[in-house]
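> Below you will find the structure I want to go over with you.
None of the figures in this text is laboratory data; all of them are computed from the coordinates on show. Not measured: the values here are computed from a predicted model. Cβ sites come from the backbone with ideal geometry, for glycine too, and all protein chains shown count toward neighbours.
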């Protein structure tokens, strides 16, 4: 089941918000896949005070050029994490292993890496720099390939409310419970916005083999 139009928190003052590629998938010529009939209009962030133009990165080389997106930023508590700007898709890989990510429902048990460039996501699921770390207040944003390399997020669309996502950081396992999902466009950068709660967001391309849409899964830390 999909949770449509989920409102998210906002990034810290002056932070340039870019979406973690929202394109974690694989190479394919299938860029003309018809839009899903059940995809609802994406939610929008809170009333903007500043507008900044950014180009969303991709995590696998698409067959079309990404369209620059105009997004809005506002202010929030200075204590919240501040997402880094959208990365260069072909940027360097820091080769920094943060911990692990396990999703029992779809058989994922992989290292969790820092970074969201193609070079990093080719290793496995990647954490968007500047977003909350597992267990931290804020929104932990993680992307992964769907049809290339080890395709860890191939079946991300099978996750439903109640399923578990366990991310271990600094030796501490943090169990997040899926609360919903949504199909969005590459321009829906609100999904990486930070929240005053302990939340997590996973994403990958949708449908498999196309970079046209993104499948996003939302979760909340158990016990919070």
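> For 97, 114, which order do you get if you count the other beta carbons within 10 Å of each Cβ and list the fewest first?
Least to most surrounded, the residues fall as 97, 114.
> A further question on this structure: Going by how many other Cβ atoms sit within 10 Å of their own, how do 96, 133, 167 line up, fewest first? If you can, show how the numbers build up before the last one.
Details: 96 13, 133 18, 167 26.
The order, fewest Cβ neighbours first, is 96, 133, 167.
> Now for a separate question. Calculate the length of the line joining the C-alpha centroid of the range 80-106 to that of the range 165-224, in whole Å.
That distance is 12 Å.
> Let me ask something additional. What translational diffusion coefficient, in µm²/s and rounded to a whole number, does the Stokes-Einstein relation yield for the range 124-224 at 10 °C and a viscosity of 1.306 mPa s, taking the hydrodynamic radius as the Kirkwood radius over Cα pairs?
D, rounded to a whole number, is 117 µm²/s.
> With the Cα gyration tensor of the range 169-224 giving a ≥ b ≥ c as the square roots of its eigenvalues, does the rule (a/c under 1.5 for rounded; else a/b larger than b/c for prolate; else oblate) give rounded, prolate or oblate?
It comes out prolate by the Cα gyration axes.
> Shape of the range 124-167 from its Cα gyration tensor (a ≥ b ≥ c, root eigenvalues): rounded if a/c is under 1.5, otherwise prolate when a/b > b/c, or oblate? Don't skip to the end; give the middle numbers.
Values: a/c = 2.79, a/b = 1.31, b/c = 2.12.
Because a/c hits 1.5 or more and a/b fails to exceed b/c, the range 124-167 counts as oblate.
> Can I ask one more? What shape does the range 74-132 have by the C-alpha gyration tensor, where a ≥ b ≥ c are the square roots of the eigenvalues, rounded means a/c under 1.5, and otherwise prolate means a/b greater than b/c and oblate the rest?
oblate
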